[in-house]
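Asks: This structure is in structure tokens; I'll ask about it shortly.
The values are calculated or read from the model by the stated rules, or taken from the named source; none is laboratory data. Everything numeric in this text was worked out from a predicted model, so none of it was measured. Here the Cβ is made from the backbone with ideal geometry for all residues, glycine too, and neighbour counts use every protein chain on show. Please note that ligands, DNA and RNA were not included when accessible areas were found on the heavy atoms of the full protein model with its side chains. Shrake-Rupley method; radii C 1.70, N 1.55, O 1.52, S 1.80 Å.
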Amino acid sequence: MLKSILVTSILLISTLAFAEPELEMDQNSSAQVFTTAEALKAQRIANYLIQKKVIEKELTENNIWSKIYSNYHTYQELKKEQVVLSENIEALKSKKTLTKDEKKELQNNKEIMETLVGKLQLLEEYEKDPFKKFLTPPAIGDIPSVENPFSVIAAISFREKLLSDQEEYSSRYISLQNIMDKFKERQTLIKKLLELDPSNKEYSDALLDTEDQLRTFAPVIEIFKTTENVYSKKIDEIELNLKSDVKREIEKTITIGAVIVFFIFILFFIKYFVRKYMSDNENFYAINKALNISFVSILILTLLLGYIENVSYLVTILGFASAGIAIAMKDWFMSLMGWATIVLGGSIHVGDRVRFVREGVEYVGDIVDISILRMTMHEDINLTSFMTNRRAGRMIFIPNNYIFTDMIANYSHSGLKTVWDGIDFVITFDSDAHRATQIAKEITKKYSKGYTEITRKQLNKLRSKYGMRNTNVEPRIFTHIEPYGLKISAWYLTNSFATMTLRSTISIEIVSRIQEEKNIQLAFPTQSIYMDKNVPKPEIDLDSIDPKSWI
């Protein structure tokens, strides 16, 4: 029994001896495990804080939505401070008497209130609906109507602008979606931080702030999503319409261009044959001009029919405006009527030699062009420029309306190529007048014979058009008494475009022939000078004067 007790005691002591070190080892292991868990927890918190910092940096930098929310949040906080401060001020004012400290506090509160009011005024746009400006899509504006080739450029430019606006508006929506995602990531991280450190007030406040931001942006992104969807569909619809209009206008332009090219080909084809077979014909210029005018008229008519939707509307407008146009542009309108008279009446053609008188000044030259508003005359050397103007070679522009108000003489009308020209010379009273007139007739007949025959044929053709009675084309000699002799006037037919040449030839021939005659003397104005002699005075018969003739 005693042995058993002793053995038991020894075993117990041994067990206790060995149990003490094992207990110490368990306590050390528990402490080590606790330290490792704390380190892991701290490391996780640090990692979450780093992620949270990165997200907050992305939210604050280069993000307009966060800045708008920040200003909005600041405004709301300032508004709360204003309410509290107003209550404090009203409470202090309600007291009948104020201590020195209360007066100082009231004054400080008023100064703070003034500062708050200034800040609120600066942030006034963030009071209500701060995101409205960025939620509103860009204005589409007036959609251009594609009705002519030039409007195609405007339509393409407008389409590019719409696409640019749509891209910019879509980028706003994408950035707002990114903001919402960042807020959700931030909310998740803060919740994880709170799980690791539930008693941290900073994390709790951050979570409340994040949830407030999510509540603020949730309706915004829903509105934005709907608006962006409607705006995109509207842009797509406009783009399709513009694309269809541009395609239709390009096809119409190509068709009209093909028609114009066809008429140009026909024009050059006709001009080629006219130039080939009528290059020497006097009507070539007129035909060429008529072809040009016809082509321009067809071109204008084609463009009007192609690009004016309602031609009757244009006609109505022109009808009402014609009276005003006729008054305001009277000279142009009269020039247009003059052009129609010239072209249809045929009184003047290109190549005709005409004489034009304006305000006492005479111009003689050849018509080189007849346009809708004016005629162009090239001034040539002729008797008028030789004796009156002493100038030649100028281009004279004659408005077509002058045919109604001024006199224009045509030297080559209806195929006439000749004109009557005259040379005057004076012989003394004692000269042989018959011989002088005979010489003048012989010379003029000699040099104008060819023109005489041409004129006779041309006048015979004009008998059917005009009532012409005197068609004598032979040279004509006239004799008149002048104060200092007998004046002989020799008239003959000459080329309308070369009168000076034949006039010079005939003048020299007449002078030469007269100088050969002994009984013919050329006369010129003379005067008598009496020196050392009494000047004979005419005797006046007073009885022959009738006093009644003076009355």
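Asks: Looking only at residues that are surrounded by 19 or more Cβ atoms within 10 Å (Cβ to Cβ) and outside any helix (DSSP H, G or I) in the stretch 487-516, which one is farthest from the chain's Cα centre (by Cα)?
Replies: So, considering only residues that are surrounded by 19 or more Cβ atoms within 10 Å (Cβ to Cβ) and outside any helix (DSSP H, G or I), the one farthest from the chain's Cα centre (by Cα) is Ile488.
Per-residue answers, yes or no, for (1) of a type outside the set (A, V, I, L, M, F, W, C); (2) at pLDDT 80 or above:
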position: Glu125; (1), (2): yes, no
position: Phe134; (1), (2): no, no
position: Gln166; (1), (2): yes, yes
position: Gln187; (1), (2): yes, yes
position: Thr210; (1), (2): yes, yes
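Asks: Here is a further query. On the basis of being open to solvent by less than 60 Å² (accessible area, probe 1.4 Å), under 30 Å from Lys225 (Cβ atoms) and either free of Cβ contacts under 8 Å to residues at least 24 places away in the same chain or not aromatic (Phe, Trp, Tyr) (or both), does Leu135 make the cut?
Replies: So Leu135 passes the test.
Asks: Pick out the one residue from Ile10, Ile68 that is surrounded by 10 or more Cβ atoms within 10 Å (Cβ to Cβ) and at pLDDT below 70.
Replies: Ile10
Asks: I've got another one for you. If you check Arg476, Arg435, which single one turns out to be more than 30 Å from Gly415 (Cβ to Cβ) and modelled with pLDDT of 80 or more?
Replies: Arg435
Asks: Taking the conditions exactly as written (loosely packed, with under 13 Cβ neighbours inside 10 Å, out of contact with any strand residue (DSSP E or B) (no Cβ under 9 Å at 6 or more places or on another chain) and among the hydroxyl-bearing types (Ser, Thr, Tyr)), does Ser94 satisfy them or not?
Replies: yes
Asks: Quick check: anything in the stretch 520-530 under 25 Å from Tyr447 (Cα atoms), open to solvent by 50 Å² or more (accessible area, probe 1.4 Å), over 60 Å from the mean Cα position of the chain (by Cα) and modelled with pLDDT under 90?
Replies: Within the stretch 520-530, one or more residues are under 25 Å from Tyr447 (Cα atoms), open to solvent by 50 Å² or more (accessible area, probe 1.4 Å), over 60 Å from the mean Cα position of the chain (by Cα) and modelled with pLDDT under 90.
Asks: Of these, Gln213, Gln187, Gln177, which one is surrounded by fewer than 15 Cβ atoms within 10 Å (Cβ to Cβ), in a helix (DSSP H, G or I) and touching a residue at least 12 places away in the same chain (Cβ under 8 Å)?
Replies: Checking each option against the conditions leaves just Gln177.
Asks: Wholly within the stretch 365-480, which helices (runs of 4 or more DSSP H) include no fewer than the required count, namely at least 3 residues that are farther than 30 Å from Val296 by Cβ and open to solvent by less than 80 Å² (accessible area, probe 1.4 Å)?
Replies: By residue number, 433-447, 449-462.
Asks: Suppose we filter Asp101, Asp129, Asp142, Asp197 for residues that are open to solvent by 30 Å² or more (accessible area, probe 1.4 Å), under 22 Å from Lys80 (Cα atoms), modelled with pLDDT under 85 and not small (Gly, Ala, Ser); which single one remains?
Replies: Asp129
Asks: Which one is least open to solvent (accessible area, probe 1.4 Å) among residues in the stretch 217-270 that are farther than 30 Å from Lys128 by Cβ and polar (S, T, N, Q)?
Replies: Only one residue tops the list, namely Thr253.
Asks: Which of the residues belonging to the stretch 386-427 are β-branched (Val, Ile, Thr) and without any contact (Cβ under 8 Å) to a residue 60 or more places away in the chain?
Replies: Thr388, Ile396, Ile398, Thr405
Asks: Would you pick out the residues in the stretch 333-349 that are part of a loop (DSSP other than H, G, I, E, B) and open to solvent by less than 40 Å² (accessible area, probe 1.4 Å)?
Replies: Gly346, Ile348
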